[in-house]
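Throughout, read-outs are computed from the coordinates displayed, never taken from laboratory work. All values reported here derive from a predicted model rather than from experimental measurement. Ideal geometry is used to build each Cβ from the backbone, glycine not excepted, and the neighbour counts take in all protein chains shown.
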Amino acid sequence: MISLEELQLAARNHGMPLEALRHPITPAGLHYLLIHYDIPFVDAGAWALDVEGAVAQPQRLTLDDLRAREAVEVAVTMECAGNGRALFDPHVVSQPWLRDAVGTARWRGISMRSVLEEARVEDSAVEIVFTGLDRGIEGDVAQEYARSLPLEEAMRDEVVLAYEMNSAPLLPQHGYPLRLVVPGWYGMTNVKWLSRVTVLAEPFAGYQQSRAYRMRAHEDDDGEAVQRMVPRSLLVPPGIPEFLTRARTLRAGICVLEGRAWSGQAPIEHVEISVDGGATWEPAQLAADDLGRWAWRGWTYEWEARPGAHRVGSRARDAVGNAQPLAATWNVGGYANSAVQWVNVAVAEFGVTRERARSGASRPRPARPSGSRA
């Protein structure tokens, strides 16, 4: 059962409706959102980013300073590490994601590498800590939200300090005025409301690094850090939904199934589809990789939908052989549940059409009074 506390989290955060997979770039209001603590109120005129620690030339950069520099833009698929958590059994208590904690946006800003090179990182440096303005208590620890990256990851050309999302200034909930974007890594790495970049000569031991976001088999297990996204494919649920249950109804005939697939570890190489609950699989047609390496890839599959009950799913494999599993391995935090998405579809010879649904013709008519005329 979902607790009142989990419902409270779910009301503050939101996933991307899966029909929005039709958008190559997710509109900002549909992109998934996770806010650990509160959304800070930031006066951009008084805000600045401090670059400090094991550097020869510390920096203090205003938003105008950042905008005056050479800009870079990258399309990035971002997924919450807890995507699919609510589907684990036994239940994991936290933000109760189904499969919709994902989105793809164009992020514009400056490269992290250029900032570190200007600050002249010292030879002793091993990690870079990114600290946000959001504060809260987690695991009985009062903290600013902070995550670190190994130096070599932070120096990748495509790691961005972003001040725009989809050609507009960041919205408050998406990290205004500046956030980190690390292509290929799960969403918790992409620190919002960025205030400090600290270069360390030793590994970062903060809560979000050493206790949270670790794959642990049991409570006493130190586990391994959650980092890059594992392969996943999601499909647009076909047909139309019943309001409460979201059960799908589809008219018999040719139906083009569509969806998107991604992996933080290597490009997507193969997507396959099953319309019979996994008894058989057929290859989907991959779309051109127009958005670049770090964004999801579209796929389509032409299905001759015959009357009856069907269980439809898709699964992905990347170029180094990482494959989406039929079932995920349970872990304490409920992370990286990339198990295949199954959609139950009722196909009817004369299914409910969109026109009938809009007009109300599919609703039962009220009974006529006795003796009334037809």
Task: Coordinate range along principal axes, alpha carbons of the stretch 97-183, Å, largest first - done: 42, 39, 25
TODO: Would you please report the Å³ per residue occupied by the convex hull of the alpha carbon atoms in the chain?
DONE: 181 Å³
Open item on the list: Given a 10 angstrom Cα cut-off, can you work out which residue in 162, 154, 44 is the most mobile in a GNM of the chain?
Closed with: 44
- [ ] Take peptides 110-119, 218-227, 165-174 and line them up by average Cβ neighbours within 10 Å, highest first, as a rough protection proxy.
- [x] 110-119, 165-174, 218-227
Open item on the list: How many angstrom lie between the Cα centre of the stretch 143-162 and the Cα centre of the stretch 181-217?
Closed with: 8 Å
- [ ] With springs only between Cα atoms under 10 Å apart, run a GNM on the chain and tell me which of 158, 258, 138 wobbles the most.
- [x] 138
Open item on the list: Quick check: convex hull of the Cα atoms in the stretch 149-199, volume per residue, rounded to a whole Å³?
Closed with: 81 Å³
Open item on the list: Starting from the 7 Å offset along Cα-to-Cβ, what nm value, one decimal, do you get for the label separation of residue 157 and residue 41?
Closed with: 4.3 nm
- [ ] Just the ratio, please: alpha-carbon radius of gyration of the stretch 232-359 over 2.2 N^0.38 Å, N its number of residues.
- [x] 1.14
TODO: Using label points projected 7 Å from each Cα along Cα→Cβ, tell me how many nm separate residue 69 and residue 11, to one decimal.
DONE: 4.1 nm
TODO: Once you've got the GNM for the chain with C-alpha springs shorter than 10 Å, pick whichever of 291, 180, 244 has the biggest mean-square fluctuation.
DONE: 244
- [ ] Taking the Cα centre of the stretch 4-225 as origin, sum charge times position over the Cβ atoms of Lys and Arg (+1) and Asp and Glu (-1), and report the length of that vector in debye to the nearest 20.
- [x] 700 debye
Task: Distance between modelled label sites at residue 219 and residue 302, nm, 7 Å Cα→Cβ extension - done: 5.6 nm
Task: Counting all C-alpha pairs of the stretch 176-276, share separated by more than 17 Å (%) - done: 72 percent
Open item on the list: Working only with C-alpha atoms, what are the Rg and Dmax values of the stretch 140-234, expressed in angstrom?
Closed with: 14.7, 45
Open item on the list: As an exercise, identify the trypsin sites (Lys or Arg not before Pro) in the stretch 186-271 lying in DSSP coil whose Cβ has no more than 14 other Cβ atoms within 10 Å.
Closed with: 246
Open item on the list: Give me the one-decimal Kirkwood hydrodynamic radius in Å for the stretch 4-225, with the sum taken over alpha-carbon pairs.
Closed with: 18.1 Å
Open item on the list: Placing unit charges on C-beta atoms (Lys and Arg positive, Asp and Glu negative, everything else neutral), compute the dipole magnitude of the chain about its Cα centre in debye, rounded to 20.
Closed with: 2200 debye
Open item on the list: Of 292, 273, 328, which is farthest towards the positive pole of the stretch 232-359's charge dipole, taken about the Cα centre with +1 and -1 on the beta-carbons of Lys, Arg and Asp, Glu respectively?
Closed with: 328
Task: Computed [θ] at 222 nm, deg cm²/dmol, the chain (DSSP H ≥ 4; -39,500 (n - 2.57); rounded to nearest 500) - done: -2000 deg cm²/dmol
Task: Cβ-based exposure ranking for 229, 155, in which fewest neighbours within 10 Å come first - done: 155, 229
